[in-house]
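Below is one structure, written out as structure tokens; the observations come after it.
The values are calculated or read from the model by the stated rules, or taken from the named source; none is laboratory data. Keep in mind it's a predicted model, so treat the numbers as computed, not measured. Methodologically, a virtual Cβ is constructed for each residue, glycine included, from the backbone with ideal geometry; neighbour enumeration extends over all protein chains shown.
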There are 2 protein chains.
Amino acid sequence: MFESLTVLAPGLLGGSVAKAARSRGLARRIAVWSRRMETRAALRTAGWCDAVFETAAEAAHGSELVVICAPVDQIVPLVASIRPALSPGCVVTDVGSVKSAICRQSHAALAGAEACFVGAHPMAGSERTGHEHADAELFRGRPCFVTPLADTAPASIDRTVAFWRALDARVVTESPERHDEIVAHISHLPHALASSLCSLLSRRDPRWRDLAGNGLRDSTRIAASDADLWLSIFEQNREEVLRAISAFEDEVSCFRAALANSDRLALRSLLERGRSFRHSLR
Amino acid sequence: MFESLTVLAPGLLGGSVAKAARSRGLARRIAVWSRRMETRAALRTAGWCDAVFETAAEAAHGSELVVICAPVDQIVPLVASIRPALSPGCVVTDVGSVKSAICRQSHAALAGAEACFVGAHPMAGSERTGHEHADAELFRGRPCFVTPLADTAPASIDRTVAFWRALDARVVTESPERHDEIVAHISHLPHALASSLCSLLSRRDPRWRDLAGNGLRDSTRIAASDADLWLSIFEQNREEVLRAISAFEDEVSCFRAALANSDRLALRSLLERGRSFRHSLR
């Protein structure tokens with residue numbers, strides 16, 4: 001499919017992109033770059049990449065597809081830094097959890113270049129981090145947003161969609177703004193709630209920690225994620241996350257009122273709506 | 001340990017109690033009762049019980065330990081209904097998720113009898129229900145509250161504690177009131193949040209359901225539980241759950257304010273507190 005593929009800042013996601021591409025024979029050559037010297041040293045012994053570079057620009061040089069897997073606040077600076085090295089027709093994509101700002105600013109950073117940015121966001125991951133946990137099947141059956149702008153070249157969109165499909169992801173094309181609204185509700189809001197719940201419980205009797213059942217464990221798993229990564233995600237999707245939190249506050253206040261008023265009908269109907277939604281998740 | 005053990009209304013928990021007791025040789029004879037005729041028929045072929053009765057009183061007759069595994073709103077009526085059949089010295093315990101009302105009312109229901117009620121609540125379970133999913137190791141390493149009243153006979157407390165320990169649970173003794181405060185925070189609040197989140201999302205674009213990642217799936221798993229069971233739990237623990245919801249509302253409002261005001265320090269510190277609490281769960 002590609003003569004040369006570049007993965008910048010491979011962690012769990014980037015390592016999985018590279019491994020998945022390798023195992024499916026999608027790229028003859030896979031080049032990588034990582035900011036940390038220790039990681040670069042480790043990558044030199046990884047079987048799923050062929051060349052490790054000291055700079056992002058060198059790693060991107062000559063590639064047909066560059067996948068940026070850095071934290072969301074580092075994606076646009078990386079796009080700007082590799083611009084001089086990009087070949088004509090190169091597509092730059094990413095795996096960032098927020099899309100509006102990244103897509104518009106990356107588009108601007110490549111204005112006038114012969115390369116093109118097409119944002120992506122695979123809904124895959126785990127509480128594990130680091131390329132050492134990379135998994136060639138991480139994206140299989142998982143949703144992956146591809147978020148072109150209105151004036152993104154159709155050929156570049158097609159190539160990005162085809163790439164994620166080839167990794168066995170279920171590709172969904174949405175505008176960056178619509179993506180941000182959706183994930184604010186289905187990913188960022190749940191995270192905000194889990195973090196808030198854990199933050200609340202951290203100020204209660206420490207012995208309660210030993211009494212948790214699987215319910216608390218499951219419902220707060222995402223709160224164990226890196227705080228700085230998520231700080232950037234929340235900041236980049238501030239408006240949509242605030243809207244989702246407000247909607248949630250209204251809902252939980254309905255729950256509280258129904259319970260306080262012993263309104264069995266209202267409380268039962270809320271629980272039943274929730275149960276039915278949860279059962280409908282693929 | 002026991003000549004005769006009775007399990008009333010065995011579902012996932014009751015079936016697991018019986019299987020665990022059988023596999024550990026804790027009771028020579030295990031008697032059961034179930035409200036539904038179909039369940040009684042199925043239980044007659046289950047290897048982990050010896051006798052299936054048409055009424056709860058018959059099943060409880062002559063037993064040294066009766067474990068009531070019915071939904072929380074049916075426990076006190078069952079205690080009252082088996083009272084005439086209880087042997088002197090018999091201990092009646094349960095697995096209900098709420099304790100104050102159940103313990104006081106069951107104590108009253110047995111006033112003057114030579115049998116004694118000692119509440120219990122193993123923090124074990126799963127989204128699976130039904131005795132066919134029973135597991136002899138369900139309680140291994142799991143917390144189990146035992147919640148005596150101030151005037152519960154020490155010998156009955158000891159016997160209840162010893163029983164749950166013999167199933168390999170980690171027994172924690174608390175007053176029923178303290179139990180209800182703790183589980184309002186670590187179990188009922190997470191459930192209220194998951195149900196509210198799912199209820200909110202059920203009113204958004206149905207196509208979003210196909211886009212959920214594991215984060216949403218994990219954090220809402222408990223919302224898939226039976227609505228009526230949980231309605232009773234919330235009602236029986238109304239005051240404590242309302243208090244926990246209010247505390248959570250304050251916390252999420254801090255999250256929202258920090259994000260709205262771009263107060264990175266406050267937001268980062270909330271996320272970090274949450275992360276650190278989540279990592280501290282056993």
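See the values below:
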{"read-out": "Filtered residues of the range B:118-147 (kept if surrounded by 19 or more Cβ atoms within 10 Å (Cβ to Cβ) and out of contact with any strand residue (DSSP E or B) (no Cβ under 7 Å at 6 or more places or on another chain))", "value": "B:Ala124, B:Gly125, B:His131, B:Ala134, B:Ala136, B:Leu138"}
{"read-out": "For B:Leu138: the one exception among (1) within 14 Å of chain A (Cβ to nearest Cβ); (2) under 12 Å from the mean Cα position of the chain (by Cα)", "value": "(2)"}
{"read-out": "Residue under evaluation B:Arg268, criteria (1) out of contact with any Asp or Glu (no Cβ under 8 Å at 6 or more places or on another chain); (2) modelled with pLDDT of 95 or more; (3) of a type in the set (D, E, K, R), criterion not met", "value": "(1)"}
{"read-out": "Condition broken by B:Asp168, with the remaining ones in (1) surrounded by fewer than 24 Cβ atoms within 10 Å (Cβ to Cβ); (2) acidic (Asp, Glu); (3) part of a helix (DSSP H, G or I); (4) more than 7 Å from chain A (Cβ to nearest Cβ) satisfied", "value": "(3)"}
{"read-out": "Answer residue from the range A:264-282, given it is in contact (Cβ under 8 Å) with a residue 12 or more places away in the chain and facing chain B (nearest Cβ under 7 Å) and is farthest from the chain's Cα centre (by Cα) among those", "value": "A:Leu267"}
{"read-out": "Number of the condition not met by B:Phe163 [criteria: (1) surrounded by fewer than 24 Cβ atoms within 10 Å (Cβ to Cβ); (2) under 23 Å from B:Gly11 (Cβ atoms); (3) in the same structural domain as B:Ala70 (by TED's automatic domain parsing)]", "value": "(1)"}
{"read-out": "Some residue of the range A:247-263 being among the charged types (D, E, K, R), over 27 Å from A:Gln105 (Cα atoms), at the interface with another protein chain (Cβ under 7 Å from one of its Cβ atoms) and surrounded by fewer than 17 Cβ atoms within 10 Å (Cβ to Cβ)", "value": "yes"}
{"read-out": "Residue count, the range B:212-246 (criterion: more than 25 Å from A:Glu181 (Cα to Cα), facing chain A (nearest Cβ under 7 Å) and among the aliphatic types (A, V, I, L, M))", "value": "5"}
{"read-out": "Neighbours by Cβ (under 6 Å, 6+ apart or cross-chain): first from the range A:50-63, on the phi > 0 side of the Ramachandran plot; second surrounded by 19 or more Cβ atoms within 10 Å (Cβ to Cβ)", "value": "A:Gly62/A:Ser4"}
{"read-out": "Helices (runs of 4 or more DSSP H) fully within the range A:173-282 counting 3 or more residues that are among the aromatic types (Phe, Trp, Tyr) and in the same structural domain as A:Asp151 (by TED's automatic domain parsing)", "value": "none"}
{"read-out": "Spans of helices (runs of 4 or more DSSP H) in the range A:17-109 with at least 1 residues of a type in the set (A, V, I, L, M), crowded, with 24+ Cβ neighbours inside 10 Å and outside the structural domain of A:Glu240 (by TED's automatic domain parsing)", "value": "A:56-60, A:75-82, A:100-109"}
{"read-out": "Selection within the range A:192-211 - surrounded by fewer than 24 Cβ atoms within 10 Å (Cβ to Cβ) and facing chain B (nearest Cβ under 7 Å)", "value": "A:Leu200, A:Ser202, A:Arg204, A:Trp208, A:Arg209, A:Asp210"}
